[in-house]
Amino acid sequence: FRKDAVPMPVRVRFTPAVARWLAERYPEGKALPDGGLEVEFPVLDPHWLVRHVLQYGADAEVIEPPAVRELMKRVLGA
């Protein structure tokens, strides 16, 4: 990575099924009314985020930015 690289904020929403465990790992996350959790990750490599989110299967969804959301869709479609 370059020293001057600026991380891109990526928002990920987690379902209530995994939210309680992730709330401990990411205390800065935003609790949602349905019991889910929304976390903003500072991302330098979107492919890292895709691999990270995939471990949660259907219990995680990239919300924004659209470019990372599209990357996730391409990976899932492959």
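Inside the stretch 56-71, can you point out the residues that are open to solvent by less than 70 Å² (accessible area, probe 1.4 Å) and either under 19 Å from ALA23 (Cα atoms) or under 10 Å from the mean Cα position of the chain (by Cα) (or both)?
Of everything in the stretch 56-71, those that are open to solvent by less than 70 Å² (accessible area, probe 1.4 Å) and either under 19 Å from ALA23 (Cα atoms) or under 10 Å from the mean Cα position of the chain (by Cα) (or both) turn out to be TYR56, GLY57, ASP59, ALA60, VAL62, ILE63, VAL68.
Filter the stretch 28-46 down to residues that are in a loop (DSSP other than H, G, I, E, B) and at pLDDT below 95, then give me how many there are.
Selection size over the stretch 28-46: 2.
Which residues, counting only those in the stretch 36-55, are open to solvent by 40 Å² or more (accessible area, probe 1.4 Å) and either farther than 19 Å from VAL6 by Cα or touching a residue at least 60 places away in the same chain (Cβ under 8 Å) (or both)?
Hits for the stretch 36-55 are ARG51, LEU54, GLN55.
Looking at the stretch 4-25, which of its residues are assigned to a loop (DSSP other than H, G, I, E, B) and either modelled with pLDDT of 95 or more or among the polar types (S, T, N, Q) (or both)?
Scanning the stretch 4-25 gives a single hit, THR15.
The values are calculated or read from the model by the stated rules, or taken from the named source; none is laboratory data. Values in this document were obtained by computation on a predicted structure and should not be read as measured data. Positions of Cβ are generated from backbone atoms using ideal geometry, with glycine treated the same way; all protein chains shown enter the neighbour counts. What goes into the accessible areas is simple: the full protein's heavy atoms, side chains included, and nothing from ligands, DNA or RNA. Shrake-Rupley method; radii C 1.70, N 1.55, O 1.52, S 1.80 Å.
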